[in-house]
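Rule-based calculations on the coordinates, nothing more; no lab input. Everything numeric in this text was worked out from a predicted model, so none of it was measured.
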């Protein structure tokens with residue numbers, strides 16, 4: 001397999017994602033500024049869209 005395929009597969013099967021704390025803080029600030037909603041499942045999202 002090519003190197004790209006190997007990298008992709010490794011990323012998909014990685015058990016614990018490596019996300020930096022800085023990134024999560026920035027993401028949370030963006031969510032607070034805009035009209036972004038955190039949904040736990042698709043049913044909750046559908047209800048929000050229908051209303």
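Relative to the longest principal axis of the Cα atoms of the chain, the long axis of helix 3-13 lies at roughly 50 degrees. Computed from the C-alpha gyration tensor, the three semi-axes of the ellipsoid equivalent to the chain are 31, 18, 9 Å, from longest to shortest.
Per-residue ellipticity at 222 nm, computed for the chain from helices alone with -39500 (n - 2.57) per DSSP H run of at least four residues, works out to -19500 deg cm²/dmol.
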